[in-house]
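Please see the structure below; I have some questions.
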Amino acid sequence: MSGARRIPAGVAAVWGLMLLTAAGPVAAQSRLEYSVKANYLVRFAAFVEWPPRAFQTPQSPVVICVAGRDPFGPALDAAARAQTAHGRPLAVRRRADATALAGCHIVYVGQGGGAALAAAAGQPGLLLVTDSATAPDRGAVHFVLSQGRVRFHIDQQSALRNGLQFSSRLLNLALTVRGG
């Protein structure tokens, strides 16, 4: 009887080791992917022109929010730390309720954050960023992996509906630009 217990335990240990070994590079690649996306989110702030009414005061920060599951961990906070855009500091907030977008300027829609798509439509001063890794629906900016690199598509019409304008420098970096 004890021999029968050892075989499954041994098999489980081998399988566990194989999974950890196999998941190591994938996990590292995923961390790198989301670190790059976090840096993009921070950089987008400098290449978007917001309407003046999007901020309460001239010193108000550009607030980057994550709606739904947060895939970034500390990478987004680290990327935003001590950064500014248009003379404004950057702040990061996580939203448990994807429809509670008040005070956000850039919203990344993570897994389970689909309600943010409907809530953000036509909301002045809100840049909606979606991700093909979590859903096919698109915001004004949509992350994709192309040839192993993080890239993005831009929908200018979506941005214009929210009163936003993209810098030509950002438009030149996009894989595609729709509308505008």
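At 1.4 Å probe size, with every protein chain present, just tell me what the per residue accessible area of the stretch 30-118 comes to in Å².
Working: 4310 Å² over 89 residues.
In whole numbers, the stretch 30-118 has 48 Å² accessible per residue.
For D137, what accessible surface area do you get with a 1.4 Å probe? Give it in Å², rounded to 10.
Spelled out: D137, probe radius 1.4 Å, area about 90 Å².
At 0.36 nm per residue, and after removing the present C-alpha to C-alpha distance, how many nm does the segment from R69 to E49 gain when stretched out fully?
Values: separation 20, 0.36 × 20 = 7.20 nm, distance 2.73 nm.
Fully extending the segment from R69 to E49 adds 4.5 nm.
Ok, one more. Once you have the Cα-Cα distance between Q165 and A78, take 0.36 nm times their residue separation minus that, and quote the gain in nm to one decimal. Walk me through the intermediate numbers first.
Working: separation 87, 0.36 × 87 = 31.32 nm, distance 2.63 nm.
The span from Q165 to A78 would gain 28.7 nm if fully extended.
Still on this structure, please answer the following. The stretch 130-180 to the stretch 29-83: how many Å between their Cα centroids?
15
May I pose another question? Residue separation times 0.36 nm, minus the C-alpha to C-alpha distance between S132 and L173: what's the value?
Details: separation 41, 0.36 × 41 = 14.76 nm, distance 1.76 nm.
My answer for the length gained is 13.0 nm.
Could you give me the ³J(HN,Hα) list for the stretch 60-67, computed from phi with Karplus coefficients 6.51, -1.76, 1.60 and θ = phi - 60°, whole Hz, x at Gly and Pro?
4, x, 7, 9, 9, 10, 10, 9
The values are calculated or read from the model by the stated rules, or taken from the named source; none is laboratory data. This structure is a prediction, so every number in the text was calculated from the model and none was measured. Just the protein is used for accessible areas: all its heavy atoms, side chains included, with ligands, DNA and RNA removed. Shrake-Rupley method; radii C 1.70, N 1.55, O 1.52, S 1.80 Å.
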